[in-house]
Every structure is written in C-alpha cells, then in structure tokens.
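Below is one structure, written out as structure tokens; the observations come after it.
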Amino acid sequence: MHLLGPGWLTDLEDQWVRKPVRLEDITPGSLAERDLKSAGYDLLVVGHEYPSRPAWVRTWRELDCDVATFQHSPTFRHAPTAFDGDRSRLHCYSPEMIERYAAHNPTAELAVHLGLDEEEPPAVKGRDLVWLGRIDEDKAPHLAVRAAQILGRRIHIVGPIFDEEYLSRHETTFASDHVEWVGELGGAAKTAAIAEGSVFVYTYARNYVEAGAAVFGESLRAGTPIAALTWRDGTCAQAALCDRTGATIVGDPAADDESAAHALAQAIEHASSLDHVEVQATGLARFDPASHFKALAAL
C-alpha cells in the first residue's frame, strides 16, 4: 500500500511508502506518470471530489486501476460520468444519502473512521451523558443539553465552538449547572471521553443532512449506547444503530425544541438500559476497519 499526496502528518513516515504527488498535477508522459504506472496499482481509495476533476481522471485512466470513494458531503455535485459502479465506485452511509446520489450508482456502506490495531479498551458503564461534535446550528447541541436537564442528568459537551452567535442565542441553556464544557479532544482522550459516558447523545438541526458521522462507530466501539434525535427516516443514525446499540427518535420538524428535547429524553432513558458490553461487541463487529476496506475493494 502506498500513500499518495502531500503529507500533513509525520507519524506515518517510517511505516508506509509515501509519494507526495497529486494525480491532477501529473504531466502526461512525464517520469512521474511512468513511475506511478510502474507501481501497478489495483485500487485508489480517494476523497469523493477527485473523480469529478478532469485532470485527475486523465491520470487515473492512465493508471488503469479501480477507484473507490465515500460520500462525505451531502451537497457536492459530481460530474455525470464520475462513477460507473464498476471501475469507479461510490459508497454512501445511509438510505438518505443513497437516494441523494442515486444517479451515481452508490453502494450502501457504513464508514469506519479508524485503522487497524486501534482497538478501544473494554467497555465500562459510564456515569454522565456525553455529546460530541462541533458547536454550531447544524449540530444543535442545545437540544441534548435541554434533554439532559429534563432528566436531571449531567452532560459533557466535547468539541470546538464554530458559531459564537448560535452559542449566544442559547446562552441560558448552555450556562446551566448540569453542563460540563470539555473542549475539543482527539485521539485517546476523545475515546476516553466517549467511553466514560453512560449514553452518547446525538442531535442535529431539522434541515441538516448528515453524510456519514464518525461518532456512531466511535461510540459503539467504545461500548457507549447512543440516543439519537432525527427528523426523518433513512438517516445515518438509523443506518448505524439497532435495538441492541441505541434508541432513535424521529421528531416532528414542525414541533418546537421543547417537544423535541422531551422526545430525546425518552430515547436517553431507553439507551441507558442497554448493556455496554453488548454495545461494544456489536460496535466492533459493525464498524470493523478490515471489513470496511474489503467492502471498498470488492467488485
């Protein structure tokens, strides 16, 4: 396996062959092109936007290999010929995303945002609720905070503040005594924050479409059940969860935030009763990196 493209992180330098080239920058007939062709690649796993770039596609065709990618944006517009479902394949997380990109022959696949040998420690039954993500209107963490307040539960808010105006509008809610602001975490610290939660609370805004959230796999693999508030059927939450791993509420988009928070509180109570060991076992099987990449490579 080779890593193609500029490297922003240096921790893989001694483990993988890395070639700091972009396919769209390769000159036809150049030494760089001949070097890439000589590698004999079978498959390129790429960002979803590349198969819609003519210059990138030109070099890819010279390499004569397959392409697989995952749709990580709900709004990106692909070139009509970007995917044929055979040599170039698009994978989508949820039925909702499959429908949005139906013209490109997508395949349903849950995204796994971790690598081999990155297993979590054994599951433990946590104490407080946890919400993780960016703090903004799209992610709507104020609904999770209010649901926790209804239940008399503490909630840890993990993530960076993206929208100060949104934060200001819900200042009273976020300033409540039951809220603990953790800030942005990564790596083992983020995994620990999730694992130490009794329930992971998932929210988003009524008009937002989640393309493929990492938090579902991260939470279930850590052994933390999920209480999810959605606004329609076929979302990422429904694709990722089952009765053994969480509770999903489909809220009425016309209802107010207070009604939505009460519905979410019921989902939290249900998720609180689930077995963390079973949640983790199911999560490790459902979000397995080896199985994920075998699926991306499969014809």
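Only the coordinates and a few stated rules stand behind these numbers; no lab work does. Everything numeric here is computed off the predicted structure, so don't read it as measured data. All Cβ positions, even for glycine, are placed from backbone atoms using ideal geometry, and neighbour counts span all protein chains on display.
Charges were assigned to the Cβ only: +1 to each Lys and Arg, -1 to each Asp and Glu. The resulting dipole of the chain about its Cα centre is roughly 520 debye. Over the chain, Cα pairs under 8 Å with separation of 6+ residues give a relative contact order of 17 percent.
The ranking of THR172, THR235 by Cβ neighbour count inside 10 Å, starting from the fewest, reads THR172, THR235.
The stretch between HIS72 and ALA205 holds 46.1 nm of extra length on full extension. This uses 0.36 nm per residue minus the Cα-Cα distance. Here the range 128-284 is assigned +1 on the Cβ of each Lys and Arg and -1 on the Cβ of each Asp and Glu. Its dipole about the Cα centre then comes out at about 360 debye. The local environment of LEU151, defined by Cβ-Cβ distances under 12 Å, has a net charge of +1 under the rule Lys, Arg +1 and Asp, Glu -1. Shape of the range 128-284 from the C-alpha gyration tensor: rounded (a/c under 1.5, with a ≥ b ≥ c the square roots of its eigenvalues). Here is the result for the range 198-299: no GluC sites (Glu not before Pro) lie in DSSP coil with at most 15 other C-beta atoms within 10 angstrom of their C-beta. Put a dot 7 Å past the Cα of ASP35, heading toward its Cβ, do the same for ALA55, and the two dots end up 1.8 nm apart. Of the residues ILE226, ALA297, LEU274, the one whose Cα sits farthest toward the positive end of the charge dipole of the range 175-299, with +1 on the Cβ of Lys and Arg and -1 on the Cβ of Asp and Glu, is ALA297.
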